[in-house]
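So the structure is just underneath, and the comments pick up after that.
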Amino acid sequence: LKFIFGPSAVPALDLVDQRSVTQVMSPSGRTAYQVLGSSGKLYTCYSSCHFCTCPAFGFTVLQKSESLLCKHILAVYLSQAMGACQELSVSEEQLTSILLAEEEDEG
């Protein structure tokens, strides 16, 4: 994993070990993932479009193209593969609030 994903591999595995990945599902089937980062901040990841709200994703992946993904997205993919995701069912309104809260944090 470290050969393919570089420096994100070990921190991502640590997040998986700590069960920091939560799959948030609404009744309509919409899904997002929340990852509790090592700093204690909660980041939202979208595996369907390969995006994370963390600053490292914006800088390292989008701006500099130095990496394929951040440790949070890799942790989501590894948790999915290992069946290690926490699961949280929420209403459509709650999921919308989660997604809008991220936009407010960025703005």
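Some points to look at:
- Residue selected from the range 2-28 under the condition of a type in the set (D, E, K, R) and in a helix (DSSP H, G or I), by the criterion most open to solvent (accessible area, probe 1.4 Å): K2
- Looking across the range 38-48 at every residue that is open to solvent by 30 Å² or more (accessible area, probe 1.4 Å) and in a strand (DSSP E or B), the one that is modelled with the highest pLDDT is identified as L42.
- Test result for S8, among the polar types (S, T, N, Q) and either out of contact with any Phe, Trp or Tyr (no Cβ under 7 Å at 6 or more places or on another chain) or modelled with pLDDT of 90 or more (or both): yes
Table: residues versus (1) under 16 Å from Q18 (Cβ atoms); (2) β-branched (V, I, T).
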residue	(1), (2)
C52	no, no
F57	no, no
V61	no, yes
S65	no, no
L68	no, no
V76	yes, yes
M82	yes, no
Q86	yes, no
V90	no, yes
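- Scope the range 75-99; condition in contact (Cβ under 8 Å) with a residue 24 or more places away in the chain, part of a loop (DSSP other than H, G, I, E, B) and more than 15 Å from V24 (Cβ to Cβ); matching residues: A84
Quick grid of which residues meet (1) modelled with pLDDT of 95 or more; (2) among the hydrophobic types (A, V, I, L, M, F, W, C); (3) open to solvent by less than 60 Å² (accessible area, probe 1.4 Å):
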{"residue": "R30", "(1), (2), (3)": "no, no, no"}
{"residue": "Y33", "(1), (2), (3)": "yes, no, yes"}
{"residue": "L36", "(1), (2), (3)": "yes, yes, no"}
{"residue": "H50", "(1), (2), (3)": "no, no, no"}
{"residue": "A56", "(1), (2), (3)": "no, yes, yes"}
{"residue": "Q63", "(1), (2), (3)": "no, no, no"}
{"residue": "L88", "(1), (2), (3)": "yes, yes, no"}
{"residue": "A101", "(1), (2), (3)": "no, yes, yes"}
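- Residue, modelled with the lowest pLDDT, within the range 65-74, restricted to residues that are open to solvent by less than 70 Å² (accessible area, probe 1.4 Å) and either of a type outside the set (G, A, S) or under 21 Å from S26 (Cα atoms) (or both): L69
- Flag if L78 is touching a Phe, Trp or Tyr at 6+ places or on another chain (Cβ under 7 Å) and surrounded by 17 or more Cβ atoms within 10 Å (Cβ to Cβ): no
The values are calculated or read from the model by the stated rules, or taken from the named source; none is laboratory data. Keep in mind it's a predicted model, so treat the numbers as computed, not measured. Don't worry about glycine lacking a Cβ; one is built from the backbone with ideal geometry, like all the others, and counts go over all protein chains shown. Remember, those area values only see protein heavy atoms, side chains included, never the ligands or the DNA or RNA. Shrake-Rupley method; radii C 1.70, N 1.55, O 1.52, S 1.80 Å.
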